[in-house]
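Student: Before I ask anything, let me first share the structure, which is written out below as structure tokens.
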Amino acid sequence: MNPLRPAILAAAGSSRMKRAITGFPVTAEVVHRFVAGESRADLAPVVAELLASGRMVSVDFLGEYTTERSMADDAVAEYLALIDELARWRRAAGLDRDSTARPRGAMRRHVDGEAAGPRPDGSGGGNRARQPGATTAGAAVDASRAEPGTPPRPAQSIAPVEVSVKLSALGQSLGLTGPEIAAANLRTLCERAQQAGVWITVDAEDHTTTETTESTVRALRPDYPWLAVATQTYLRRAEERCRIAAAEGARIRLCKGAYREPESVAYQRGADVDESYLRCLELLMAGSGYPMVATHDPVMITAAHDLSGRNGRAPGDFEFQMLYGIRSIEQRRLVEAGHAVRVYVPYGTQWYGYLMRRLAERPANLGFFLRALAERR
Ligand SMILES: Cc1cc2nc3c(=O)[nH]c(=O)nc-3n(C[C@H](O)[C@H](O)[C@H](O)COP(=O)(O)OP(=O)(O)OC[C@H]3O[C@@H](n4cnc5c(N)ncnc54)[C@H](O)[C@@H]3O)c2cc1C
């Protein structure tokens, strides 16, 4: 773990630091490495390029920290527009082959041995039926477009476009009724997403919100089985959460975690976080859900690959996820190897907190920022 991480995450909460950093002219250049732009217009070409390369996207709107009801309403309005645009961009990318591009049925995988017969979509059996997010061809990339020089495309039953949303943006922290407001807003987004064939994953925020976020998602899942939530492996309770998700057959994003958390709830040593990640991966890969392996770590990527094979999963039975601007070559390599790969693409004017979390993660990211500053002096 980056030794400067606690200091940078502390600075992320300082308004003086925010004014200083957002005021540096050079900051914009650095921001563009990690953020697609400030508006949907900036986002469009980025999404188009990613889809054309065979990668999928999960788009996050970086809005104001929501302190009033009207701000939550604004976030909902932006997300509704974003969902419509994503469906349009997906069509423009030629990824709407037929209605099966939408999530279908329950997000439930059968356990080993339970599902030997043909699937409802007419594909074969095998010892592990795939949930609606999976390909039928045994690879995440559709072979029908796999001629030389043609970009690969995601398997038809995986939704190639998704939004990532923070419940805090939807009003979760607006006093006692905040969780209810956020839940109602999330339902509004899910309804539109269902119609548009777009998926939603709810981001994991700091640990004080974890329980509420998970219960909000769990309450909506019967109606929207594709609705996913992120789980952070630095949390001591991560394994317990993964065990439940694996048994429920849920779609779940596994990440190490990006916030500053106390020792009482979170592992502090990088090695402990990594071991927790590996234990969670084992549970998820052996379970009946759809794991989304959100990491840039080569050790975790190799482990996910190995564990998926050992558990009889084809590449499209889980996906890799990475952040926009990080390890793009590796993203393309995984696509070429037939894996489903989704890139998390943030956009919006409120990029400061997101940028600070990226700088905190890795000395090299911070070095990139400081070098850019020095070169401009
Ligand atoms: C798709 C996605 C969604 C996420 N959602 C959430 C969320 O909802 N909540 C949350 O708290 N966090 C989220 N995160 C952030 C996550 O928790 C980590 O903070 C972040 O991904 C860094 O952890 P890591 O697994 O990449 O490994 P790290 O421990 O940061 O890095 C491990 C190794 O990965 C390689 N690596 C990392 N970065 C680079 C780089 N820039 N270039 C080359 N190699 C690199 C290096 O070999 C490094 O040693 C998300 C991350 C991703 C990818």
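The values are calculated or read from the model by the stated rules, or taken from the named source; none is laboratory data. All values reported here derive from a predicted model rather than from experimental measurement. A quick note on method: Cβ atoms are made from the backbone with ideal geometry, for glycine too, and the neighbour counts reach across all protein chains shown.
Student: Restricting attention to segment 313-327, report how many residues are under 21 Å from Trp199 (Cα atoms), more than 16 Å from the ligand (Cβ to nearest atom) and among the charged types (D, E, K, R).
Tutor: Result for segment 313-327: 1.
Student: Among the residues that make up segment 274-282, is at least one of them over 16 Å from Val57 (Cα atoms), among the small types (Gly, Ala, Ser), in contact with a Ser or Thr (Cβ under 6 Å, 6 or more places away or on another chain) and more than 9 Å from the ligand (Cβ to nearest atom)? Even if it seems obvious, please write down each step before you answer.
Tutor: Initially, segment 274-282 is screened for residues over 16 Å from Val57 (Cα atoms), giving 274-282.
From what is left, the residues that are among the small types (Gly, Ala, Ser) are 276.
Then drop every residue that is not in contact with a Ser or Thr (Cβ under 6 Å, 6 or more places away or on another chain), which leaves 276.
Imposing the further condition that a residue be more than 9 Å from the ligand (Cβ to nearest atom) reduces the set to 276.
Scanning segment 274-282, I find at least one residue that is over 16 Å from Val57 (Cα atoms), among the small types (Gly, Ala, Ser), in contact with a Ser or Thr (Cβ under 6 Å, 6 or more places away or on another chain) and more than 9 Å from the ligand (Cβ to nearest atom), so the answer is yes.
Student: Looking at segment 322-365, which of its residues are farther than 27 Å from Ser308 by Cβ and assigned to a helix (DSSP H, G or I)? Before you say what the answer is, go through the steps one by one.
Tutor: Here is the first cut: in segment 322-365, the residues farther than 27 Å from Ser308 by Cβ are 346-360, 363-365.
Selection gives Tyr352, Gly353, Tyr354, Leu355, Met356, Arg357, Arg358, Leu359, Ala360, Pro363, Ala364, Asn365.
Student: Within segment 198-224, can you find the residues that are more than 15 Å from the ligand (Cβ to nearest atom) and touching a strand residue (DSSP E or B) at 6+ places or on another chain (Cβ under 8 Å)?
Tutor: Val198, Tyr224, listed by residue number.
Student: Can you give me the number of residues within segment 312-354 that are on the phi < 0 side of the Ramachandran plot and free of Cβ contacts under 8 Å to residues at least 60 places away in the same chain? Talk me through it step by step, then tell me what you get.
Tutor: Filtering segment 312-354 down to residues on the phi < 0 side of the Ramachandran plot leaves 313-324, 326, 328-337, 339-347, 349-354.
If we keep only those that are free of Cβ contacts under 8 Å to residues at least 60 places away in the same chain too, we end up with 318, 320, 322, 328-330, 333-334, 337.
So the answer is 9.
Student: Follow-up question, since we're still on this one. Can you tell me which condition Ser164 does not meet? The list is (1) surrounded by fewer than 20 Cβ atoms within 10 Å (Cβ to Cβ); (2) within 12 Å of the ligand (Cβ to nearest atom); (3) hydroxyl-bearing (Ser, Thr, Tyr), and all the others hold.
Tutor: Ser164 satisfies every listed condition except (1).
Student: Please work out if Arg357 is surrounded by 15 or more Cβ atoms within 10 Å (Cβ to Cβ), at pLDDT below 95 and either in contact with a Leu (Cβ under 8 Å, 6 or more places away or on another chain) or on the phi > 0 side of the Ramachandran plot (or both). Give the derivation first.
Tutor: Details: surrounded by 15 or more Cβ atoms within 10 Å (Cβ to Cβ): yes; at pLDDT below 95: yes; either in contact with a Leu (Cβ under 8 Å, 6 or more places away or on another chain) or on the phi > 0 side of the Ramachandran plot (or both): yes.
Yes, satisfied.
Student: Of all residues in segment 45-96, which are in contact with a Leu (Cβ under 8 Å, 6 or more places away or on another chain), under 17 Å from Ser164 (Cα atoms) and of a type in the set (S, T, N, Q)?
Tutor: Thr66
Student: Now, a different point. Is it fair to say Arg251 is over 29 Å from Arg5 (Cα atoms), surrounded by 19 or more Cβ atoms within 10 Å (Cβ to Cβ), of a type in the set (D, E, K, R) and more than 11 Å from the ligand (Cβ to nearest atom)?
Tutor: On the way: over 29 Å from Arg5 (Cα atoms): yes; surrounded by 19 or more Cβ atoms within 10 Å (Cβ to Cβ): yes; of a type in the set (D, E, K, R): yes; more than 11 Å from the ligand (Cβ to nearest atom): yes.
Spelling it out, Arg251 is indeed over 29 Å from Arg5 (Cα atoms), surrounded by 19 or more Cβ atoms within 10 Å (Cβ to Cβ), of a type in the set (D, E, K, R) and more than 11 Å from the ligand (Cβ to nearest atom).
Student: Restricting to segment 296-312, and then to whatever is under 18 Å from Glu336 (Cα atoms) and surrounded by fewer than 24 Cβ atoms within 10 Å (Cβ to Cβ), can you tell me which residue is nearest to the ligand (Cβ to nearest atom)?
Tutor: His296
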